[in-house]
Amino acid sequence: MSKKKYGLGFMLVLLSGAALSAGCDPSSSGLADAKQAPVSPEQAAGPEARVSTTRGVDMTEPAVPAPAATTPPVPVADAAGTVPFAFEAPPQPVETPPSQCALPIPTGDKPAKVFAAGAYGGRDLGFQIDQSGNEAGRIDVAVNHPGAPVILMLGSYDPTIWHVGWSRGTRIAAVLIGGYHRQVVAGLPKDVPVLISTYDNKGPCGYFYVSAERAQTLNPIARRAFGRPVDMVYLAQQGRVLVGDALSDAGGLITDAGARPDESFRIADAQLAGEAGLAYAVSQGWLRKASQADANAWLAARSARPKADVPPIAGGRPGRHISLHNGYVVLKAFTLPEGLYGAHSGTFFVPKGVPRPRGTLGHSTLYDFNTLTCTGTGCERD
């Protein structure tokens, strides 16, 4: 009896396992009708559907026909949320940078001549044309060379106004002007190319001026600017120079009718530099001339300061002296003029209660009674 029960139970277990294994096929058992497997969205919507997923949200959309072959594909965003930008760049113009130190060279049957002329400075004009502190000079250049085009290379150290004239039949093809300070030219026709290269304007050819002592500096610059050396150097005397051939008739020279007069280059009094600028400050009540009493007052104020930890000197310390070269006392707030270098430098005393002047000291020295400090090239360390 017990064996029959065991056999029947074993058979029931086998039948149950078969029924469970058939549960994935709804037609294999009536149990599958009661527990039907879940239906996916694709199955519910039918075969003509696709599923897109955005941030975990299921969105069922109708299927879209494939695009025609001529339609470009839609860009797909990358992880950063960007897509390629379709852009066809237009042709870029090719620009040739201009030569830094060059002037046009005339072509023709007769090659141009390169003539250099100048001096350290011209004849004094009595006014300034720049902020160097130096008085401007004038140099008149007469060019007489009808046989070939002329390229002029003019140079002066001091600020200079160049006036150019020429004989009939002479053609000035180009002009290069050099110097340390400002250089300007008057009298040339507007169609003559001019390049001005000085130390102050940081010109492309560097700076040069024409003198017998510096003749060796001219050819390297001429080769850079014109591709050839200087044919002849002419030295100006008393602000005048003749370039080329001797003149049979000086009255036959001509110049441009629109040449600017010298005064048109003059800077305003308020812009005067160096000693002229200091004199203007005195006329405006910003400065007064200093005296030895002002220098002695400074020395007394410095001596009254608490002594530093310095050992005594046998016989005492040497006496001190303050130069009063271009010495001034500052009376009110103002700006120092430009060009306070070398002989144009000054010595300034600033009394208590008066603000230090603004601007550049250059080679000057400033004694400030407000702080008992000295600033500039003439200060002694003590």
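Points to keep in mind about this one:
- Put simply, the amide H of Arg228, placed in the peptide plane, has neighbours under 5 Å in Arg223, leaving out anything fewer than 5 places away on its chain.
- Charge dipole (debye, nearest 20) of the stretch 225-382; +1 at Cβ of Lys and Arg, -1 at Cβ of Asp and Glu: 1080 debye
- From most to least packed by mean Cβ count within 10 Å, the peptides 148-157, 236-245 give 148-157, 236-245.
- Remark: spin-label model distance Ala212-Leu372 equals 5.8 nm, labels positioned 7 Å along the Cα→Cβ axis.
- Long-range Cα-Cα pairs in the stretch 312-382 (distance over 16 Å), rounded percent: 50 percent
- Scanning residues 5 or more positions from Val243 or on other chains, those with amide H under 5 Å from its amide H are Ala142, Val143, Asn144, with H placed 1.01 Å from N in the peptide plane.
- In sequence order, the stretch 118-124 has phi-based couplings of x, 6, 4, x, x, 6, 4 Hz under the Karplus curve 6.51 cos²θ - 1.76 cosθ + 1.60, θ = phi - 60°, and Gly or Pro positions carry x.
- Entries in Lys113/Lys190; Lys110/Lys202; Lys110/Lys190 that, when Cα-Cα distance is taken, lie over 26 Å: Lys110/Lys202
- Top positive-direction residue, dipole computed over the stretch 307-379 with Cβ charges, set Ser345, Asn370, Ile322: Asn370
- Rolling a 1.4 Å probe over the heavy atoms of the protein chains gives the stretch 254-372 an accessible area of 56 Å² per residue.
- Taking amide H positions as modeled 1.01 Å from N, with prolines and chain starts lacking one, the residues under 5 Å from Leu154 and 5 or more places away or on another chain are Ala117, Leu176, Ile177, Gly178.
- Calculated FRET efficiency for the pair Ala270/Arg305, C-beta based, R₀ 45 Å, to 0.05: 0.70
- Segment Met232-Ile105, extension gain: residue separation times 0.36 nm, minus the distance between their alpha carbons: 44.0 nm
- Label reach from Phe334 (point 7 Å along Cα→C-beta): in the stretch 362-382, amide nitrogens under 19 Å belong to 362-370.
The values are calculated or read from the model by the stated rules, or taken from the named source; none is laboratory data. Quick caveat: nothing in here was measured; it's all calculated off a predicted structure. Cβ sites come from the backbone with ideal geometry, for glycine too, and all protein chains shown count toward neighbours. Protein only, heavy atoms only, side chains kept; ligands, DNA and RNA dropped before computing areas. Shrake-Rupley method; radii C 1.70, N 1.55, O 1.52, S 1.80 Å.
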